[in-house]
1. Test residue 179 against the stated conditions and say whether it is assigned to a loop (DSSP other than H, G, I, E, B) and over 29 Å from residue 260 (Cβ atoms).
2. Restricting attention to segment 117-135, and to residues there that are out of contact with any helix residue (DSSP H, G or I) (no Cβ under 7 Å at 6 or more places or on another chain) and part of a helix (DSSP H, G or I), which single residue is farthest from residue 297 (Cα to Cα)?
3. Give the number of residues within segment 49-70 that are among the β-branched types (Val, Ile, Thr) and part of a helix (DSSP H, G or I).
4. Which of the residues belonging to segment 322-346 are surrounded by fewer than 22 Cβ atoms within 10 Å (Cβ to Cβ), of a type in the set (D, E, K, R) and assigned to a helix (DSSP H, G or I)?
5. When segment 83-99 is examined, which residues are found to be in contact with a Lys or Arg (Cβ under 9 Å, 6 or more places away or on another chain), part of a loop (DSSP other than H, G, I, E, B) and within 21 Å of residue 133 (Cβ to Cβ)?
6. Quick one: residue 225 ticks every box in (1) buried (at least 24 other Cβ atoms within 10 Å of the Cβ); (2) on the phi > 0 side of the Ramachandran plot bar one, so which box is it?
7. Considering only segment 136-167, state which residues are in contact with a helix residue (DSSP H, G or I) (Cβ under 6 Å, 6 or more places away or on another chain) and part of a strand (DSSP E or B).
Amino acid sequence: MKKEPTTRNPQPVTRNIAILGCGKVAHLHAKAIQNLPNARLAGVWSRSAKSAETFAAQYGVPFYSEVEDLIKNENISLAIVCTPHPFHREPAEKAALSGANILVEKPLASTLEDADSIITTCRNAGVKLGVISQRRWYAPVQRVKAAIEAGKIGKPVFGTINMLGWRDRNYYDADEWRGSWKMEGGGVLVNQAPHQLDILLWLMGEIDEVYGLWKNLNHPYIEVEDTAVAIVKFKNGGIGNIIVSNSQKPGIYGKVHVHGENGASVGVQTDGGAMFIAGMSGILEPPVNDLWSVPGEEKMLEQWKAEDAAHFCSIDPTVFYMERQIEDFLDALENNREPLVIGEDGRRTVELFTAIYRSTRDNKPVKFPLNSENRNDMDGRFKYE
């Protein structure tokens, strides 16, 4: 008797997606959505009605003045939050309570209070929460992760971030929210460094203690920090060093390196040259593995660099990796699993930069875990009132 073929999984459901916040980075998300066969941009909302109307007209979708109406009227499965960092909480929570799953642009929030509230609201609403960290999908980053998980460097015992970038006056003048504590939430730690902070945490694991210091070295026309350094103790017994800055013309590189107990090292240059600014510049150099001393694999670097450069030239890297993360989130919805980058991952990044702010304020190491503080100085970012 002929056996019937096994039942195939049905085609993925096309999901309606909303964008909340219609600034520069929102355009990258809109283009990524347009490139995905199982995604449909169904509507937008912004704190500025004019911004929402202009954005909606460009992409041929409706705009709404209320988040709840957008989620319910357009049957939204996923809402992507793209507002300035201190303003993530309100639209994210309104969308979650209206039934939408939530994907928040990095960082999850500018404070632990907001991060914890978003996580709790999504959990209580029964929706999934993810945080944008699309550099995890870079092939060189995934090679590093795979090597560590395969035990090729032994226990990771020393992790470093060295991110030397540049932001000029034109950058800060481009949007009214840039460069202020209350509107941007912070400087290099909150805006540029979360990608590298997330990767370091992904590779090295949870933190035990941080001693950090932030400064504004050469941007007197902004309130926020342009440079920060930190020494990190990890719970696995390893240590780390973080240097992040927006003070080196024209931008040099961003690197994350991990050194293992067996003496082998692996690393990635996630950013090179004049670093990417959403809506203002492209990605000029491909991400590459710039360090690899795994025994027997030392000579693979040149091959990987050639492969990665060829791939880089075949895609729009400002959109492609956004596509991969949204694709992962949609697959998580389809198969009832967690996305690769979850809300708690986003909180760990917020916790790390919060520790650096508090350590600077209190001039002492900060033990983990951290909780939100009931005071008005935003973890030392501005003077207590």
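The values are calculated or read from the model by the stated rules, or taken from the named source; none is laboratory data. Owing to the predicted nature of the structure, the values given are computational and were not obtained by experimental measurement. Reconstructed Cβ throughout: ideal geometry from the backbone, glycine too, with neighbour counts over all protein chains shown.
1. Yes, satisfied.
2. 124
3. 2
4. 324, 327, 328, 331, 334, 344, 345
5. Matches in segment 83-99: 83, 84.
6. Against the list (1) buried (at least 24 other Cβ atoms within 10 Å of the Cβ); (2) on the phi > 0 side of the Ramachandran plot, residue 225 comes up short only on (2).
7. 156, 159, 161, 163
Each row is one residue, and each column tells you yes or no for (1) assigned by TED's automatic domain parsing to the domain that holds residue 289; (2) among the polar types (S, T, N, Q); (3) under 18 Å from residue 341 (Cβ atoms); (4) within 17 Å of the chain's Cα centre (by Cα).
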position: 68; (1), (2), (3), (4): no, no, no, no
position: 79; (1), (2), (3), (4): no, no, yes, yes
position: 91; (1), (2), (3), (4): no, no, no, no
position: 113; (1), (2), (3), (4): no, no, no, no
position: 157; (1), (2), (3), (4): yes, no, no, no
position: 169; (1), (2), (3), (4): yes, no, no, no
position: 175; (1), (2), (3), (4): yes, no, no, no
